[in-house]
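Novice: There's a structure below that I have some questions on.
The numbers here are math on the coordinates, done by the rules we state, and not lab data. Everything quoted here is computed from the prediction, not taken from an experiment. Cβ atoms come from the backbone with ideal geometry, glycine included; neighbour counts cover every protein chain shown.
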Amino acid sequence: MSLILADENIEYEIVRINGGHGSFSKFLEMGLVPGAKLTVVYNAKGPIIISINGSKYALGKGLASKIIVREVA
Amino acid sequence: MKSFTIALIGNPNVGKSAIFNELTGANAHVGNWPGVTVEKKEGKFTYLDTEINVVDLPGIYSLSADSIDERIARDYIVKQKPDLVVCIVDSTNLVRNLYLFVLLKELGAKTLLVLNMIDLIENKLEIDDVKLSQSLKTRVIKTSATKKIGIGNLKEAIFDELHHANEELFIDYGSDIERSIEKIKNLLANLDLPYNKRFAAIKLLEQDPVIIEELKKLQKDSIIENALLEINSLEKIYTDLQTEIIEKRYALIEGIVKNTTKHLVSIEDRLTLSDKIDKVVTNRYLGIPIFAIAMLIVFEATFKLGGFFADYIEQFFGWFGGTIAQYIHNPILQSFVNDGLIGGVGTVIVFLPNILILFLFLSFLEDVGYMARAAFVMDKLMHSIGLPGRAFIPLILGFGCNVPAIMATRTIADEKDRLLTILINPFISCTARLPIYVLLTGIFFKDKHPALIIFSLYALGIIVAILSAKLFRSTIPKLKGKVSFLIMELPIYRLPTLKAVLLHSWERTREFLKKAGTIILFGVILVWLLSSLPFGVKYASEQSYVGVLGKFFAPILSPTGFGFWQAAVALIFGLLAKETVVGTMGTLFGGEDKLSSALPQLMSPLSAYAFMVMSLLYIPCLATIGVIYRETNSLKWTAFSVFYSLIVGWLSAFLIYQIGSIF
C-alpha cells in the first residue's frame, strides 16, 4: 500500500518507489531504498514524518504517495 | 614547513562545522539547516612540523551531481585533489551517513572516517571501531566536537594518514552490472578524465549528467551510447538500474553496520523526547498557531528588550554629540560630526540591541532544530501557493537578511522552484528594515500596540511574497510547472550551547555593524554633503542639493501620503542599505531625538504606516540586488525583481493610504 495510508507507530518495509527510473534517486540515496524499514512518526494526511535508521524525514504528500510499503510482520 | 590540504565532508547536521572550529580554532557557526555551509570555509592548524589547511565542504548526502552543493564538493575532491578527505558521520545514524563515505571511496579519495557525536550513543550503541575500520578500509576516529572528545586523536590521525597510502574499498554490484562496468571502464581507459575510471563507469550507468557532459566535450559520444546500450540490456534484468545500484551500496553498508555495532537499548527509546516534542509542534491544528505565537514572542521581545537598551545608546550619543561640540569649533566640521556622523550612523547604531536580540532568537530556534519543523508545518500552505516546503527555509532566513537567504536557495534542486523562491525573498522583512519600523512605531504608535504594528508589517511581507509567488507561477511561462517533492531531514532536537548561539548571532550582528561602518557611513556622508551644498545654503534645507533631489521625486510619493522631500531622499538612499532610510532621516532632521518632534508635523500615523509599507516592499537593497544577479545569473530577472518590487511597494502604500483615509 501507499505510505500515505500508513498508520503511526507501526514498522513498515519499503517495497518499491513508483515512478522509478532514477526520478527519485535523491530519496533513494537518503536511505529510502526498497527493503529499508521505517516507522511513521506522524501522518498529517498531507506531509508525513517518518523515522528510518534513526533519523527523521519530512516527506511531501506527492512523494509519500509514490512510496509503496508493507507492514513488517 | 611542509604543507598539506585536507577537506572535511559529511551529511548536514553531523557537527562538521564544530569539528572544523575545533581543528582550526576559527569561529564558525554550528547550525541545523540542511546546507548551512554553502560558502567555502577554510582554516588551518599546525601539527609537529606540518601545516595542515582545512577546507570545509558543503553538507551533502551523496555525490550525484543534482544539487549545486554536491557538485561543489565532488568537483573539489576530483579537481583540487586534497591530500586527505575527512568524512564526518553522525554516530547515531551510521547507515545513511556511511553512504556518502562509500561514495568517497568509490571516487578514489583518500579517507579518514570520523564518528562524531559519540557522546550521544553512550550506553545505547556499541561500535567496534577496529572491525569497522577493517571492513571500510579506512582509519576510524571517535569524537564529540561539542564535548571536545577525541580532537587530539583526530589531529594525530590526520597527520598519520597523510603519510599512508590509500586502501581501496570494493563494492560488488553483482556479476551482470560488474560486466558492464568493466566494459565501460575499458572504453574510458585512455581518456584524460579527472575521475577514477571505475567511479566514472558506475556513474555513467547511473546517467550522471556531469560526466556525460564532460564526455561530450571530449567528443566521446560513442562511449555515452555504449553506456546506454549497457543500461538497456541491464534493465532487462533489473527493472530500475539506478535503484539497484543504490540498493547494492546500502546492502553493503547495512551488512557492515550490523556486524560492527551492538544496540544496548532499542531505537524507540532513543527518539522518544524528540518524537514527543514533534507530536505537539507539528500537529495538524497546533503547528501553525505555535509557529505564529513563537514569532510573535520573538517580535515582542525584540521590541521591548531592545527598546530598553536602545534608550541608553541614544542617551550616550546625545551626550557624546554635546561633548564633542565643545571641542570642535569649526562649524563645518561640527555639522559633519553632529548631523552627519552622530545624526546618521548614530541613529542606525541605536537599533543594534533590537537586531542582536532578533538574531539571538532566530539563531536559537535554528540551532535547536525547530526551523525544519516550521518548514514541515508550512509545507501544505507552501504547496498551495506553488512552492515546495523546502523553500520555506530561505524565506525564514530572510527575516535575518535577504542576502544569505537567497544564497540558501541553493539547496532547492528544482530550477523553477529556486528562481521563484529567489524572486519573492526580498519581500520578507529583514532586520535592516527593523530600525525603520522601530523608529516610526515609537513615534506614531507608542501607545497603540507597537509590537502588533511591527508584526503586521512582517505579516504583510509574507502575504505579498505569497501572492507574488502565486502570480508568477500562473502567469510567467518560465515558472509554470509542478512543485517538486518535499524531502527534508528533521534533526534531533538539541539544546545548543550558549556559546554557539551567542557566536552565531554575533557573527550576523557583526555584519550589521560592518554595514554601519561602511555602506551606511558612506550613505550618510553623501547625504550630509548633498545637504550642505551648494555653499551657503542652510543645512538640509529645500535649497540644498538633497532638497532639490527630494523635491523632484516627492510628487510621485504624494498619493501615498508621504510626499515631503525628506521621505523621498530617505527612500533613495535606502537603496544602499535599508537602515540608511533611518540614517538619512537622522541626518536631515539633525539626530534621532529631533525626529520625534519633526516627523509628526509631516506625517499622520496612517502615512507613517504607508511609509513603513513602502520601505518594506520597494526595491531590494544593493547587496540583495547583487546576490539576486549572482544567483540567477540573469540581468533580466534582476531587473524584473527591481521593477516589480518598486511597483508593488508604491501600489501597496498608495492603497493603504487612500483606503485608510476614507475611514
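Novice: Note down the magnitude of the dipole of the protein assembly as shown about its Cα centre, charges +1 on Lys and Arg C-beta and -1 on Asp and Glu C-beta and zero elsewhere, to the nearest 20 debye.
Specialist: 1160
Novice: May I have the convex hull volume per residue, in Å³, for the Cα set of region B:176-237?
Specialist: Here the figure is 66 Å³ per residue.
Novice: Give me the one-decimal Kirkwood hydrodynamic radius in Å for region B:2-161, with the sum taken over alpha-carbon pairs.
Specialist: Computed over region B:2-161, the radius equals 15.5 Å.
Novice: Among the listed pairs B:2/B:197; A:26/B:203; B:16/B:416; B:79/B:148; B:416/B:578, give every one whose C-alpha distance is greater than 23 Å.
Specialist: Flagged as over cut-off: B:2/B:197; B:16/B:416; B:79/B:148; B:416/B:578.
Novice: How big is Rg to Rh over the protein assembly as shown, alpha-carbon atoms, Rh as the Kirkwood inverse-mean-distance radius?
Specialist: That ratio equals 1.02.
Novice: Hey, another quick one. Would you kindly calculate the translational diffusion coefficient of region B:530-663, applying Stokes-Einstein with the Kirkwood radius from alpha carbon pairs, for 25 °C and a viscosity of 0.890 mPa s, and quote it in µm² s⁻¹ without decimals?
Specialist: It comes out at roughly 157 µm²/s.
Novice: Based on the Cα gyration tensor of region B:289-662, what are the three equivalent ellipsoid semi-axes, each the root of five times an eigenvalue, rounded to whole Å and given largest first?
Specialist: 35, 24, 19
Novice: Rg and Dmax of region B:558-635, Cα atoms, in Å?
Specialist: Values for region B:558-635 (Cα only, Rg and Dmax): 14.2, 46 Å.
Novice: Next up: Working only with C-alpha atoms, what are the Rg and Dmax values of region B:203-270, expressed in angstrom?
Specialist: Expressed in Å, the Cα Rg and Dmax of region B:203-270 come to 18.4, 56.
Novice: How are the C-alpha pair distances of chain B spread across 10 Å bins, as whole percents from the shortest bin up?
Specialist: Percent of Cα pairs in each bin: 3, 14, 21, 22, 17, 12, 7, 3, 0, 0.
Novice: Using helices alone, I'd like the mean residue ellipticity at 222 nm for chain B: each DSSP H run of four-plus residues gives -39500 (n - 2.57), total over residue count, nearest 500.
Specialist: The helix contribution divided over chain B gives -19000 deg cm²/dmol.
Novice: Can you tell me the order of B:640-652, B:368-380 when each peptide is scored by its average per-residue count of other Cβ atoms within 10 angstrom, highest first?
Specialist: Averaged packing, sorted descending, gives the order B:368-380, B:640-652.
Novice: Residues of A:42-53, mean number of Cβ from any other protein chain within 10 Å of their own Cβ, rounded to a whole number?
Specialist: 6
Novice: Follow-up question, since we're still on this one. Scattering from the C-alpha atoms of chain A alone, worked out with Debye: what is log10 I(q)/I(0) at q = 0.13, 0.23, 0.27 1/Å?
Specialist: The calculated log intensity ratios at q = 0.13, 0.23, 0.27 Å⁻¹ are -0.29, -1.01, -1.46.
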